[in-house]
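Have a look at the structure below, then the notes.
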Amino acid sequence: MADYDYDLFVIGAGSGGVRASRVAASYGVKVAIAEERFLGGTCVNVGCVPKKLFVYAAHVHEELSDVGGYGWQVGESQFHWQTLRENKDREIARLNGIYQQLLENSGVDLIEGRAQLVGPHTVKVGDCTYSCDKILISTGGRPFVPPLPGNEHMITSEDVFYLDHLPRRVAVVGGGYIAVEFASIFNGLGVETYLLYRGEQILRTFDRELADFAAEQYQEKGITIQCHTTISRIDKENDQLHCTLSDGEVLVVDAVLCATGRNPYLSGLGLENTTVQLNDDGKIKVDQYCQTTEPSIYALGDVTGGPELTPVAIAEAMAFVNTAFGSKPQVMDYNNIATAVFSSPNIAVVGLTEEQAMDKYAKVEVFRTTFRHLKHSITGNPEKTLMKLIVDAQTDKVIGAHMVGAEAGEIIQGIAIAIKAGATKADFDATVGIHPTAAEEFVTLR
């Protein structure tokens, strides 16, 4: 390895790339990381972190509506978009600085610019060329915008965080978790919100009962959901966008958010100068150790075919570094990865859906409950909660947990540990609940 400028050259300073760089450097190898945009990647800058801040902001109006039931009287409230945006910008800048410090303190060389593969052991950034024993691609993804007339008027989830003004009416195109999260954000901030999805039901990859329940809650909160609907064209007239829908209807809004998925960011990377192969979906083909078909090049995160989640990229980074530099071969375990949708109300899941379990197991038991949260018993808020456990009847193991309701992500995180450890329904039943909480319902389902 001494013949190379670097033992490891990482392309992309997102969560996975930064973790791989820092841990590799701790093993004593010489590491560089190249980033063309911003430190921390999608999650820190235009994804999880600012989105959760906006979710908090959007939920405030509901809290203000609920306080009357508890005896509080509040005056007229006003929301200032610019204040939220500026405060968010300051927090993201602070996190960018922390990421830079982490890299510098770890001894990782940070190189600014778009990296390009010149060969299996060579990377070019600007006018500089670097030789590398191993190369790790962790460039993440970028939003996909469908080719339709007027698509230049669409914004993406990344653009939302930098809007000069909050629109009065918005159409959100898509039915996945990004679409429903931003529909909830806009709705919570007082925007007239339309959710347009081409399929039969939103959240199609989730448990069907959960998806149907969540859709009812969104509509109860004022989001207009139109399934079997796409936008055929967008025409701008003055400051308004006239969206011609697939059924011929024209929907007039102030903004159109396209949330129809993300593509791996591989453009201009120079893969053609290597033997790296892609899967049919355009993502990089890797083995269980994150190695591509070019032995010296590895990839992880959203550019590969795994779950597009920040903690997954970080876990993949740890597995890669431990294998490549720590003499501790490690394979990433993709089973029972918990995830949350920070809509209003929240969704969180771990394990199999009811439909997946029915296909995989001979006999499945399903335990479910719906109820009105104690908090809302005296507020008039109609929001309901759904909790659901999926059990393999032959072994009594809990193989899936699903929730729609307040703090679902916080609750399912603990449930995920139990399921990962192989807990049975009997283990859940033997656990004494914390009363009064919503979470206790998971250990009282009969």
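In the chain, which Cys residues have no partner Cys with a Cβ closer than 4.7 Å?
Cys with no partner Cβ under 4.7 Å: CYS128, CYS132, CYS227, CYS243, CYS258, CYS290.
Enumerate the aspartates and glutamates that LYS360 could reach by cross-link, defined here as Cα to Cα under 12 Å, with residues fewer than 8 away along the same chain left out.
Partners found: ASP392.
Per residue of segment 29-38, what does 6.51 cos²θ - 1.76 cosθ + 1.60 with θ = phi - 60° give for ³J(HN,Hα)? Whole Hz please, x for Gly and Pro, Karplus curve as stated.
8, 8, 10, 10, 9, 10, 9, 9, 10, 8
For segment 155-264, what % of the accessible area comes from carbon and sulfur atoms, probe 1.4 Å?
Working: 1940 of 4600 Å².
Exposed carbon and sulfur together represent 42 percent of the surface.
From largest accessible area down, sort LYS425, LYS375, LYS236; use a 1.4 Å probe on the protein chains.
Putting LYS425, LYS375, LYS236 in descending order of accessible area: LYS236, LYS375, LYS425.
Return the percentage of antiparallel bridges among DSSP beta bridges fully within the chain, rounded to the nearest 5 %.
Taking every DSSP beta bridge within the chain, about 60 percent pair in antiparallel fashion.
Keeping all protein chains in the complex and leaving out DNA, RNA and ligands, what accessible area do you get for LYS124 with a 1.4 Å probe, in Å² to the nearest 10?
80
Enumerate the amide H contacts of ALA115 below 5 Å, restricted to partners 5 or more residues apart or on another chain; note that Pro and chain-start residues carry no placed amide H.
The list, which skips near neighbours in sequence, is empty: none.
Which aspartates and glutamates, if any, have their Cα less than 17 Å from the Cα of LYS283, not counting same-chain residues under 8 positions apart?
GLU272, GLU294, ASP302, GLU308, GLU316
Tell me the GluC sites (Glu not before Pro) within segment 177-281 that lie in a loop according to DSSP and have at most 12 other beta-carbon atoms within 10 Å.
Numbers: sites: GLU181, GLU192, GLU200, GLU209, GLU216, GLU220, GLU237, GLU249, GLU272; in loops: GLU200, GLU249.
Here the GluC sites (Glu not before Pro) that fit, given the DSSP loop and packing criteria, are GLU200, GLU249.
Would you list HIS80, HIS373 from the most to the least accessible area, probe 1.4 Å?
Details: HIS80 105, HIS373 45 Å².
Listed by decreasing accessible area, they come as HIS80, HIS373.
Please report the carbon-and-sulfur percent of the accessible area for segment 343-446; probe 1.4 Å, protein heavy atoms only, DNA, RNA and ligands left out.
Of the solvent-accessible surface of segment 343-446, carbon and sulfur hold 54 percent.
Which ³J(HN,Hα) values in Hz, rounded to whole numbers, follow from the phi angles of segment 274-288 under the Karplus curve 6.51 cos²θ - 1.76 cosθ + 1.60, where θ = phi - 60° and Gly and Pro get x?
Running phi through 6.51 cos²θ - 1.76 cosθ + 1.60 with θ = phi - 60° gives 10, 9, 5, 9, 10, 7, 4, 8, x, 9, 6, 7, 9, 8, 5 Hz.
For the chain, what is the accessible area per residue in Å² when the probe is 1.4 Å?
Value for the chain: 46 Å² per residue.
What do you reckon, how do TYR265, TYR56, TYR289 stack up by accessible area (1.4 Å probe), largest on top?
Largest to smallest exposure gives the sequence TYR56, TYR289, TYR265.
Would you please classify the overall shape of the chain from the alpha carbon gyration tensor, given that a ≥ b ≥ c denote the square roots of the eigenvalues, rounded means a/c under 1.5, and beyond that prolate means a/b larger than b/c while oblate covers the rest?
Note, shape of the chain comes out oblate.
With both bridge residues required to lie in segment 192-262, what share of the DSSP beta bridges run antiparallel, to the nearest 5%?
75
The values are calculated or read from the model by the stated rules, or taken from the named source; none is laboratory data. Bear in mind the structure is a predicted one, so any value in this text is a computation, not a measurement. Note: ideal-geometry Cβ built from the backbone for every residue, glycine included; neighbour counts use all protein chains shown. Note: areas computed on protein heavy atoms with side chains; ligands, DNA, RNA excluded. Shrake-Rupley method; radii C 1.70, N 1.55, O 1.52, S 1.80 Å.
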